[in-house]
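Every read-out reported here was derived from the displayed coordinates using simple, explicitly stated rules and does not represent laboratory data. The structure presented is a predicted model; accordingly, all values stated were derived computationally and were not measured. Don't worry about glycine lacking a Cβ; one is built from the backbone with ideal geometry, like all the others, and counts go over all protein chains shown.
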Amino acid sequence: MAKQSSEATNKDQGVLYLGIDLGTSRTSVTASNGVRETVASYVGYPKDVVARKLLQKDVLFGDEALEKRLSLDFYRPLAHGVIKSDNESAKNLKAAADLIGEIIRRARPRRDELIYAVIGAPAQASINNKEAILKAAKEHVDSVMLCSEPFSVAYGIDMLDDTLVIDIGAGTTDLCRMHGTMPEDADQITNTFAGDHIDETLAKLIREKHPEAQFSIQMIKSIKEKHSNVADNMPPVVVNFPVKGKPTPFDITDLVRTSCRSIVPPMVDAIGELIGTFDPEFQERLKGRVLLGGGGSQIRGLDAEIERQMYERLGGGKVLRVEESMYGGANGALKIAHDMPAEYWEKLR
Amino acid sequence: MSPFQSSLFKGSARDLFTPQQVQQLMRVEFDRSKRHGHPLVMLLIAVDRLAQLQDLYGAGLRDDVLRAVAGLVRTSSRASDALGCMLDDRLLVLTPHTPAEGAASLARRILEGVRAMSFDGLGRTTRITVSIGGAHSQTGRMELAFDTLLDVAEGGLKVARESGGNRYVHSDLYEFFEERRKREQRERERLAPPAAIPAAGAPPPVAPAAAAAIEVPGEAGDAPLLGAKIRELFGLGAGENELLARIQQEVVASALREMKAEIERALGERQSEHRREIDTLERRIQKLTQALGMTDAELKRALSQHSVDPGVASIYTSVQGLSSNDVQHELKKELMSKIFQANLELRKQISPGKSEQA
């Protein structure tokens, strides 16, 4: 935010705290004015003048961008959990900045309030990524801080001691060991066996078993979000895919189960590693407090499946789900923002 | 001079003359050519279907077209030629010391140059043509009078436009067309039924019985009157032989049929012309409605950008901070401090100078 001294002095009507969860798939905000918003992490810019005239907008976000993607230069700036640094790096950074600006606008801040924000950034975000996030956020808020995503999930539900937080996003699964202090690098493991991995696995399995079926990765994502399940007795999943233009039903129950289960073994490997390197005296307690958050925690039967595999490989374990998977990270970030002393905010302005 | 003309023709390198100036020049040049015996050519140029172009694509395109055509004529003619504008968006070129062949060559260059032009209107590329009427001060058979030179050029332009446009008609051709037109007119007059019966030597009136015997299918409008006139022309008294009565009957019926067909044809032409006009107007309405819709949407967008959301007020009126009643107060205090330190460190890495001040 371009701060003029007069503007700063005018901001005497209150303080708005924002907790932002910047995710690969969805970006969410919860605010101290009661606003809670989420937007799919897609950004699109009209490809040409014709598209601009048709869409009547300079930039589109979320599902609207996804729907109109054929007319757009389409970006998923946080794919794989970080701001992509490929040959379109500058454009991805701009898309990420616009996305942050949009989610802050959706929190509907008042012009006469101080705005302090905490952003849950991906654990493995690079310094460039963090700089881009801070720069984008500072355009819109008075002071901003970053914190680790899994830490904010744990902070949100006051599970700061001997808890193993698993944040299953679209691009990455972040595991973080909480032991009453700030987690360090050794307390965190990140892998890419997450939502996108399930999509790719499911697409591959369908392609192998039903080569005649025609589908896009967006269709697969929709199917996963609706039918994801790892239980042995899951309800049948019968979906229609076009075959040479004709909608044809396919039973993909087993394929959905297999693809959803594909993230569990690497997850249990990581759990085992974090538990195995923890103080032996507290390992049992850590196993009994595994906290599942993020969009991936909505997969039906996932907690039971992780418990089953933990039992087989680690001798037992107890998995809990975060109540609000979509806003778990944002709620925790909001709580951190609220608890942060005033002088810290002032020093970072 | 129309607003277009005043804006178009002023301030250019070689300004066009006004109609009055052109006429004055024409008189001077005409006198000079008569005195020295050198030829002089006048060309009158008009863009074909310019009104329809304006209807379809707006006045902007019309101005572009006229400006481009004037530019082409200007570059195609000599510096000593006089170029001017007439009312109704016609251009007038006066070229002294020019034989009829030279005028034809100039006209051909203009026709070809205009055919090669293209204009963008509402996303479509449009091509145009022009019609040119030419008058030469010394035709093969006679020397045209000063006052008729412009009339002849206008006549040539009229013939060129009525022949479909995109052509040049000079004075000789005009005479040819004029002669042909007169011949056709004479032919039509010969074939057409007489408009009035000569008073002198009028035949005796038709007997009521004979008139009643004539059956004319589909008589309407002027047809009864015409039938009566023809019957009057052929008027045969009662008791004439049947052959003549039958011939009379057939001639009358045939004439009425022809007349009816002619009326229908004329009506049909008028209707189709009206349909074309309606089509043109409907297309214009459609385009204007579309443009209005787009303008409306743009206005709404601009207005929406200006409407600022007042926002929703936070529940906090002051900066909060960790509550001392929190059961994990000490732990959280330490965590807050570590988060702050980590962020301070991050700022140092990003912009070392600024963080030192913090």
* Asked: Over all Cα pairs of chain A, how is the pair count split among 20 Å bins, expressed in % and running from 0 up to the last occupied bin?
  -> 29, 55, 16, 0
* Mind pulling the per residue volume of the convex hull built on the Cα atoms of segment A:58-187? Å³ is fine. => 133
* Asked: Debye sum, Cα scatterers, segment A:29-118, no solvent: what log₁₀ I/I(0) at q = 0.10, 0.12, 0.21, 0.23 1/Å?
  -> -0.29, -0.42, -1.02, -1.12
* **Value of relative contact order over segment A:195-261, rounded to a whole percent, pairs C-alpha under 8 Å and six or more apart** => 37
* To do: Using only the alpha carbons of segment A:192-349, determine the length spanned along each of the three principal axes and report them from longest to shortest in whole angstroms.
  => 64, 45, 23
* Distant-in-sequence amide H partners of B:MET86 (H built 1.01 Å from N, under 5 Å) -> B:LEU91, B:LEU92
* Asked: Once the Cβ-Cβ distance between A:GLN13 and B:LYS338 is put in as r, and R0 is 35 Å, what FRET efficiency do you end up with, to the nearest 0.05?
  -> 0.65
* Highest GNM mean-square fluctuation, chain A, Cα pairs closer than 10 Å: which of A:CYS260, A:CYS147, A:CYS176? -> A:CYS147
* Asked: Which trypsin sites (Lys or Arg not before Pro) in segment A:84-193 pass both tests, a DSSP loop state and at most 14 other beta-carbon atoms within 10 Å?
  -> A:ARG111
* **Amide H partners (placed H, <5 Å) of A:ASP73, local residues excluded** => A:TYR45, A:LYS47
* Structure fact -> Here the tail fraction of P(r) beyond 16 Å, over all Cα-Cα pairs of segment A:195-261, rounds in percent to 38
* With the contact rule set at Cα under 8 Å and sequence spacing of 6 or more, what percent relative contact order holds for chain A? -> 19
* Relative contact order of segment B:17-134, defined on C-alpha pairs under 8 angstrom at six or more residues apart (%) -> 37
* To do: Return the distance in nm (one decimal) between the two label points of a simple spin-label model at A:ASN233 and B:ARG275, each offset 7 Å from Cα along Cα→Cβ.
  => 7.5
* Long-range HN-HN contacts of B:TYR316 with modeled amide H, under 5 Å -> A:VAL15
* Spin-label model distance (nm) - A:THR192 vs A:ARG52, 7 Å beyond Cα toward Cβ -> 3.5
* **Distance between modelled label sites at B:THR289 and B:THR125, nm, 7 Å Cα→Cβ extension** => 3.0
* Structure fact -> When chain A is treated as a Gaussian network with springs between alpha carbons less than 10 Å apart, the largest mean-square fluctuation among A:MET267, A:MET145, A:MET219 is found at A:MET219
* Structure fact -> With DSSP loop assignment and no more than 12 other C-beta atoms within 10 Å, the trypsin sites (Lys or Arg not before Pro) in segment A:230-305 are A:LYS244
